[in-house]
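Notes to accompany the following structure.
No value in this document is a laboratory result; all are computed from the given coordinates. Since the model is a prediction, treat every value here as computed from it, not as a measurement. All Cβ positions, even for glycine, are placed from backbone atoms using ideal geometry, and neighbour counts span all protein chains on display.
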Amino acid sequence: MTQDIPLTWFLYFASASFAIGLMGVLVRRNPIAVLMAIEIMLNAANINLVAFWRYGTPPPGEGPITGVMLAIFVITIAAAEVAVGIGLILLCYRRWHASDVDRYDTMSG
Amino acid sequence: MIVPIFVLISVIGLLAALGTVLSRNLVHAALYLVAFFFTIACQFVLLEAEFLAAIQVLVYIGAVAIILMFGIMLTRNILGDDTTSVPAGWKLPAGLASLTLFGVLAYGISNHTGAHGSAATVGTAWSSVSQRPGIGPDADPKTPRAVAIANMGKTVGDEMMTRYVVGFEVAGLLLTAAIVGAVVLAYRDGADDDPARRVLKAVGLFPPTPPPPGRAPTPAAGPAATAGEPRV
């Protein structure tokens, strides 16, 4: 049989993507760019879910596709989050006339 | 053969993610993000979850990326200050934080030893798992996972309607709430020529005054037979 991809390679890829997404969240000032970085982090988590599903042994009575179902739910939540996030960003843009998270400081003490 | 493909896809994906995070132009960042989503779909194919790859392309590339594009177009910076550039003083701490996070995660992945006192499959260290459970013709075709992978769409539908039905309903409720919330948030409370307000007036939902308590229902809330007729 040909050589297969080790499980840890998928995990390394996912953690590297997650770290890049974290850097994007920290470094960006545009809220839409922050939202994009959050999407990167969510996708990295999805890779982990599916990789563990494919390589692991499912516990008895849990169904054959646990990881895939969990990933589908994560995608659903991410889509809802983007819709609400864009609404919030448009509201903030209309209010402060800027797309800059440093300006949204009304609630800072 | 599959290992070089994985390495190539991973390198492209990480470069696309870096481009999303670091590119100055936001539209370029969104395009890099599309490339990243596509490499994630390729990873799903490598993990034999083709249905999930199709969902990834449809939902992320088809919907999320387009919504983000619209957001970028609707929020052009009118004050003239440059928010897409990365401040030089912030690059180093952010890079340090992400590198530290990756180091911690990689250390944990490579040194994982498995749970103690469990079954043999649960206690396996992650670094020793170099072969996925086979589903090919040389494997036992009767394993539930092999059947599920061969009929992924059907299995997803069955599971969605049986085992995960509560999660399915809650997800539907959440999507409804998200749609309503997005409309309410983006609703402009201002000029009367607003398209949203015109639509609300046309369907009789504006102005949104609640009916006073203790009175008979107004003709607008009458029988359903007259609800569809245009009122003069």
### Query
Across peptide B:38-49, how many C-beta atoms of other chains are within 10 Å of each residue C-beta, on average?
5
### Query
Which FRET efficiency value, to the nearest 0.05, is calculated for B:Met1 and B:Ile66 with the Förster distance at 41 angstrom and r the Cβ-Cβ distance?
0.70
### Query
GluC sites (Glu not before Pro), restricted to the stretch A:17-109: which are DSSP loop and have at most 16 other Cβ atoms within 10 Å?
A:Glu62
#### Entry: Ordering of B:64-71, B:97-104 by burial proxy (mean other Cβ atoms within 10 Å per residue, highest first)
B:64-71, B:97-104
### Task
Please give the residues of the stretch B:40-71, grouped as numeric ranges, whose backbone N is less than 15 Å from a label point set 7 Å along the Cα-to-Cβ vector of B:Met160.
B:50-60
### Summary
Most packed first (mean Cβ within 10 Å per residue), the peptides B:158-171, B:10-23 order as B:10-23, B:158-171
## Note on the structure
Taking only the alpha-carbon atoms of the stretch A:8-109, the convex hull volume per residue, in cubic angstrom, is 115
### Message
Give the average, rounded to an integer, of partner chain Cβ atoms located within 10 angstrom of each Cβ in B:157-164.
### Response
3
### Query
Which FRET efficiency, nearest 0.05, do B:Ala150 and B:Leu15 yield, Cβ-Cβ r, R0 25 Å?
0.15
### Query
Got the relative contact order for chain A handy, in percent, Cα pairs under 8 Å and 6 or more residues apart?
26
